[in-house]
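The values are calculated or read from the model by the stated rules, or taken from the named source; none is laboratory data. The shown structure was predicted, so the numbers you read here are calculated from the model rather than taken from an experiment. FYI the Cβ positions are ideal-geometry reconstructions off the backbone, even for glycines, and counts take in every protein chain you see.
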Amino acid sequence: MGRGEGMVIGGRVILKLAPNAIEEMARDRVAALVSATNGKTSTTRLLATAVEQAGPVISQHTGANMTSGVAVTLASGDPLAQAVLEVDEAYLPAIFRATNPRVIILGNLSRDQLDRMNEVAMVARRWRDMLADATATTVVANADDPSIVWAARHAPNVIWVAAGQVWTADSAVCLDCGALLRREGTTWQCPRCGFARPTPQWTLEYVEDHTTVRGPGDQRYDMRLQLPGRFNAANGALALVATVVMGLDPAESARRMATVESVSGRYAVVRVGELTIRLLLAKNPAGWSELVDVMPPAPTPVIVTINSNAADGRDPSWLWDVPFERLRGRVVVATGDRRRDLAVRLLHAEVDHVVIEDPYAPAAPLPPGMRDLEVVDCAATYTAFHHLRTTADRQAGQRS
Amino acid sequence: MSDILVVSIYPTLLGTYGDGGNVLALHHRARLHGIGVEVIEVEPGQAVPESADLYVLGGGEDSAQTAAADALRTDGALIRAADSGAAVLAVCAGYQLLGEYFPDATSTATPGLGILDIRTERLPKRAVGELAATAKDPVTQILTGYENHAGGTQLGPDATPLGAVRSGIGNGNGSEGATSGHVIGTYLHGPCLARNPQLADLLLGWAVGADLNFIEEPEVTQLREERLRTVLG
């Protein structure tokens, strides 16, 4: 059984025995729900770590973020502990109604697992309906993502955070009237109906590893996260603002968030076979478009692992929306169940590549220099990522 | 060989399912054949050039599809270019909007561009999965791709199916896609032209006015064999 699957089965048993289990276990203690296409696990971990300043917190440790995963998390640990829960985008409305959270963080929406998830506009529509009468909840929402703004703007209590948006291709059109949004710097507006970026109360300033979050009345908090990249700074900014809503000390939140080294294996350095790899989760074009920046520059070779199991999305066409051209000048090892799709994509991106079924085998024909690297970056889709983690854990267990 | 002009129609509206890869595939195949390619991306509000050799439209969400159809009807250049023999590849939402009508987000019939003699209505159940179809002359390779749509498409007498479905749903009646003159419509993502290089060559051949000799690439052949083995056994 894979990591997290035991939780899912446990959760199904709970819900079979008591269909209202989530409502009963959640009563008045869900501090926050976190949802987004990208970054929900990391944001949840950062927020849970920050909220611990007010006492014990329960949260997922496996990424099981649908109904069953939420049920089993609420059933575990201290029954009085506050809960900080990550929730799958499609399951958010049902779990929101059952848990009545104090805060809900909405980070971003972009194309992901289109075979299962439906389209971005449909998810945004369901979120908007969910928030229409959410009087007891404060929404902490990314003002830079038009789909998030469209979903949250009529909610009774919203705090807008300028957390940034690098991938704009899934929010090109006004969700109100269908016109093409006009963008200028970080602002955007619909030229036809006037739908526009709201004025943010909080703003993320990210300059190469130096992150500042500015709020009303000259408030200013420095964040020095260990988690890399602009996208994690955005996750941290949203989490920090959520702790302000909860009445916690944001400076203390920032200090605590800086202690998080890796989240459920993301950016963890592990040993698999004869290679030491840094695990990077890369599951959709928006995530990829920022992940390329945290990889070492060319000519350092990297491994990319693409699967198409249910949790990865069955259709790897999304590889064609990823700017793989930015990996030119190095050799990419293409692996995973869909390594042949990746190879064709890299062929078209003019990126040198080798297709290897198992790059961790002792005799694998790795590109020159890869075996000499202290750490090899390995970007993987969801199930490939978890398979590597499990393999690394097993290998570490055998050694010790 | 001569240079050709390829127009990518509204990639921000019609590019949700990796179909931008069709433009990359055209570029790539053209280079193999020694054909120079210039690509222009056109967004709504900008005029569609009427004198291009090849026009490419991809898939998109319901509201984006309606917006694209409205903008293209107002612009008019794609309709005139197709009329005068330019090559067109249209995928999924792009395919549907070339027809007489298609369902919008609320399932209301919305007028298309009338370039293809097809009519699309909502399928009872969304078609999601691998799609394989036997093509017709001059394409000898089995067509392979991934479909993700809610439309069932009926062809009128002026359109011919692109292929016969071997696995998957396609038009919903045993056929897949439609073609007429130099216009091809299909439900194949993958992207379509990367997974079906003969189709790319057919379009490029129309654009330059010459038959192209097929050039095989091992990466593509291996991918095709893997996908066809998965769906056809």
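For B:Thr74, only one of the following conditions fails: (1) within 14 Å of another protein chain (Cβ to nearest Cβ); (2) over 9 Å from the mean Cα position of the chain (by Cα); (3) within 16 Å of B:Gly21 (Cβ to Cβ). What is its number? Failed condition: (3). Exactly one residue out of B:Ala210, B:Ala178 is away from chain A (no Cβ under 13 Å) and surrounded by fewer than 23 Cβ atoms within 10 Å (Cβ to Cβ), and it is B:Ala210. Any chance region A:25-48 includes a residue that's assigned by TED's automatic domain parsing to the domain that holds A:Asn108, part of a helix (DSSP H, G or I) and at pLDDT below 85? Yes.
Let's see how each residue does on (1) modelled with pLDDT under 95; (2) in contact with an Asp or Glu (Cβ under 7 Å, 6 or more places away or on another chain); (3) of a type outside the set (Asp, Glu):
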site: A:Val70; (1), (2), (3): yes, no, yes
site: A:Asp78; (1), (2), (3): yes, no, no
site: A:Ala98; (1), (2), (3): yes, yes, yes
site: A:Ile105; (1), (2), (3): no, no, yes
site: A:Ser110; (1), (2), (3): yes, yes, yes
site: A:Trp127; (1), (2), (3): no, no, yes
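The residue list A:Arg125, A:Arg102, A:Arg153, A:Arg182 contains one member that is within 11 Å of chain B (Cβ to nearest Cβ), touching a strand residue (DSSP E or B) at 6+ places or on another chain (Cβ under 9 Å) and of a type in the set (Lys, Arg), which is A:Arg182. Taken together, B:Leu54, B:Leu32, B:Leu13, B:Leu24 contain a single residue that is facing chain A (nearest Cβ under 8 Å), hydrophobic (A, V, I, L, M, F, W, C) and more than 15 Å from B:Ala93 (Cα to Cα), which is B:Leu24. Taken together, the criteria place B:Ala105 among residues that are within 14 Å of chain A (Cβ to nearest Cβ), over 26 Å from A:Val322 (Cβ atoms) and modelled with pLDDT under 95.
Working only within region A:101-116, note down all residues that are within 18 Å of A:Ala50 (Cα to Cα) and either of a type in the set (Phe, Trp, Tyr) or surrounded by 21 or more Cβ atoms within 10 Å (Cβ to Cβ) (or both).
Residues satisfying the conditions are A:Pro101, A:Val103, A:Ile104, A:Ile105, A:Leu106, A:Gly107.
Checking each residue in region A:69-100 for being over 18 Å from the mean Cα position of the chain (by Cα), crowded, with 22+ Cβ neighbours inside 10 Å and not hydrophobic (A, V, I, L, M, F, W, C) picks out A:Thr73, A:Thr99. Give all pairs with beta carbons closer than 6 Å in which a residue from region A:91-113 that is acidic (Asp, Glu) meets a residue that is part of a loop (DSSP other than H, G, I, E, B); count only pairs at least 6 apart in sequence or on separate chains. Within 6 Å, the pairs are A:Asp112/A:Thr37; A:Asp112/A:Asn284. Counting only strands (runs of 3 or more DSSP E) wholly contained in region A:281-400, the ones carrying 1 or more residues that are within 14 Å of chain B (Cβ to nearest Cβ) and closer than 25 Å to B:Thr230 by Cβ occupy A:331-335, A:352-355.
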